[in-house]
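Asks: Provided herewith is a single structure, encoded as structure tokens, for subsequent inquiry.
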């Protein structure tokens, strides 16, 4: 009889709880996708009802929609959740480094925010 017993690997013991962090991000992603669907519907209605609006205004609405598509409500947020929750499931080492879409998301969010706030404040050329 050997006194050496085989226990669980050390990496299994150090897995952090993800329900307080990624559970909230996952729920926020679902709610964000619902809101993105509503903005798609509003954009569709805008282009159907307000056909006579100036082209610069229609282009601004299209740019805001594209920004929101690639922003937190669209591809990047879903990819972040997929990367950490599915691809690197049970891999706590992946939590130490940020995925590329986290870094890109902040720049796109800033661009979308500037575009939207300039449009709503009347500083964009669409209001002239």
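Asks: Take residue 75 and residue 53, extend 7 Å from each Cα along the Cα→Cβ direction, and tell me the distance between the two endpoints in nm.
Replies: 2.4
Asks: Can you give the translational diffusion coefficient of the range 25-122 in µm²/s, computed by Stokes-Einstein from the Kirkwood radius over Cα pairs at 10 °C and 1.306 mPa s?
Replies: My calculation gives 106 µm²/s for D.
Asks: Going by average Cβ density within 10 Å per residue, which order do the peptides 105-114, 85-94 take, highest to lowest? Before the final figure, lay out each step's value.
Replies: Numbers: 105-114: 14.5, 85-94: 11.3.
Highest mean packing first, the order is 105-114, 85-94.
Asks: Relative contact order of the range 25-122, please, whole-number percent, based on alpha carbon pairs below 8 angstrom and at least 6 residues apart.
Replies: The value is 33 percent.
Every read-out reported here was derived from the displayed coordinates using simple, explicitly stated rules and does not represent laboratory data. These figures come from a predicted structure and were not determined experimentally. Reconstructed Cβ throughout: ideal geometry from the backbone, glycine too, with neighbour counts over all protein chains shown.
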